[in-house]
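So the structure is just underneath, and the comments pick up after that.
The values are calculated or read from the model by the stated rules, or taken from the named source; none is laboratory data. Everything numeric here is computed off the predicted structure, so don't read it as measured data. FYI the Cβ positions are ideal-geometry reconstructions off the backbone, even for glycines, and counts take in every protein chain you see. To get the accessible areas, we keep the full protein, side chains included, count just its heavy atoms, and leave off ligands, DNA and RNA. Shrake-Rupley method; radii C 1.70, N 1.55, O 1.52, S 1.80 Å.
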Amino acid sequence: MAYDNIIKIGTRGSMLALIQAEIVKNAFEDSFPDYEFEIVPMRTEGDRNLSTPLSEFGGKGVFVTEIEDALTSHRIDFAVHSMKDMPMDLGEGLDILAVVPREDARDVLVTLKNDAFFFAEANEFTKKYFEKYSDRKIIIGTGSGRRIFQLNKLYSERGNIVFRNIRGNVQTRLSHIGKDVDAVVLAMAGLIRLGLSELSGYYYRTFNFKEIVPAGGQGTIAIEGIDDEFHRSMAAKINDEKSFRESEIERYILRRLDAGCTTAIGVKATIFNDNLCLNINFDEHTPSFMNALGKESDWKNLADEMINNYL
């Protein structure tokens, strides 16, 4: 419970996390002018250890656990997370109470503009250069099994794509380009929020949802808090219902598939009018990609049918 009308919002300390917390803070301030809102930056295990792949030291929870501890001990009132970092099982007494409007959920490959021909959609120009550089290894920086699996399929005919695990904030990963990697794969939402989606000197290859299915929750900012009337009623005032429903559906699918950070599963629910489009990349199994269209009200049957066909 807030004291002296001060509401504290916990977040990781990266520039992107702080920007996302500021988006949430602004939304709260617009709805609750009588309260004061304060952002509280925190460091998590995932921020302290940038050398170990996430799959080897705790998965998604490494970005969340310390912040959840601050919630349950009432040192903060709300926590702001990237939804795709949220584990399926939250801390006791906690829940995802709201989300703000979702940003572009697509993945994007970023390389130097002079190297765009390595990754541009195939045409006679790019084919000529693929042949010229066919013996050169092209290094893509990503540690995501989901991205690696789908990129291998997308660029399978080229045979010269290799991957290097890199971690760190968005700016750090961009700094690798032209040094130890030829390109990096990032979430477009992060680039947009940081103002880095249209930098001169870079080429951006944005993937549609049939090429690369994003991580569940990608582009969505989650607001976590104590599951009680006070926190729920406050969060409800700034909740974006459409984005919240999409996240609920994606997390349901991930839970049914027992998907953790070591799996290559991607899922995107897109609600438009009363309809729902589902794109799922399962993993190395066949078929690995499915998509379906139906009524939003029938989302559970639609999702279960796709999952049952896969299982």
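Compared with the alpha-carbon gap, the fully stretched path from LEU112 to LEU18 is longer by 31.1 nm at 0.36 nm per residue.
Between THR172 and LEU154, the distance separating the two model label sites (each 7 Å from Cα on the Cα→Cβ line) works out to 2.4 nm. Ligands, DNA and RNA excluded, the heavy atoms of TYR203 present near 50 Å² of accessible surface to a 1.4 Å solvent probe.
Under 5 Å from the amide H of LYS8 lie the amide H atoms of GLU38, ASP77, PHE78, each residue being 5 or more positions distant or on a separate chain, with H modelled from the backbone and absent for Pro and chain starts.
The distance linking the stretch 8-23 with the stretch 162-185 is 23 Å (Cα centroid to Cα centroid, whole angstrom).
FRET efficiency for the PHE230 to ARG164 pair, using the beta carbon distance and R₀ = 51 Å, is estimated at 0.65. Pairs exceeding a 19 Å alpha-carbon distance, out of LYS84/LYS268; LYS84/LYS179; LYS137/LYS179; LYS153/LYS300: LYS84/LYS179; LYS153/LYS300. Using C-alpha pairs under 8 Å with a sequence gap of at least 6, the mean separation divided by the residue count of the stretch 231-311 gives a relative contact order of 22 percent. Where in the stretch 211-243 does the amide nitrogen come within less than 15 Å of the point 7 Å from the Cα of PHE289, taken along Cα to Cβ? The answer is 211-215.
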